[in-house]
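Comments concern the structure below.
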Amino acid sequence: MKLRTLAAVAAVSVSMLAGPLAGSALADGRIAAALDAPVAAKTKVVAGGAVFVCEGAECVSTQAPSRALTAMACKALAKEVGRVSAFGGETKSLDADDLTRCNVSAKGASALASAK
């Protein structure tokens, strides 16, 4: 009986310790993207391992892995929903150079380039 109690306490202790550590190692938290033009309808997009919910002129991922806060993830999002004017999380945001790389293959970008 004592062995079972000890095992249960150990399991609870490990899960309490691993939970916050795993969460901080895997997630940066919330990432938001401001779009140049609003999406026509509420849309879900997976980019950089994060699920973004886009509505209006904003896309938000509430539990994004840290790898989702990159120009490549922004580029994957822009390819689906259009040009991104800001992309950032709780700890950092993309700079102007990263946003330029992000928007290279944005949805509708070729139409904009040929219209100029």
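Among the residues making up region 40-67, those that are among the aliphatic types (A, V, I, L, M) and out of contact with any Asp or Glu (no Cβ under 7 Å at 6 or more places or on another chain) are ALA40, ALA41, VAL46, ALA47, ALA50, VAL51, VAL53, ALA57, VAL60. Of everything listed in (1) at pLDDT 90 or above; (2) assigned to a helix (DSSP H, G or I); (3) out of contact with any Ser or Thr (no Cβ under 9 Å at 6 or more places or on another chain); (4) open to solvent by 50 Å² or more (accessible area, probe 1.4 Å), the single unmet condition for LYS44 is (2). Scanning region 50-71 for residues that are loosely packed, with under 14 Cβ neighbours inside 10 Å and not in a strand (DSSP E or B) yields GLY56, ARG67. Residues in region 80-89 include at least one that is part of a helix (DSSP H, G or I) and closer than 17 Å to ALA106 by Cα.
The values are calculated or read from the model by the stated rules, or taken from the named source; none is laboratory data. Only a predicted model underlies this, so the values are computations on that prediction, with no experimental measurement involved. Glycine also receives a Cβ, built like all others from the backbone with ideal geometry; neighbour counts cover every protein chain displayed. These area figures cover heavy atoms from the full protein model, side chains too; ligands, DNA and RNA do not enter into them. Shrake-Rupley method; radii C 1.70, N 1.55, O 1.52, S 1.80 Å.
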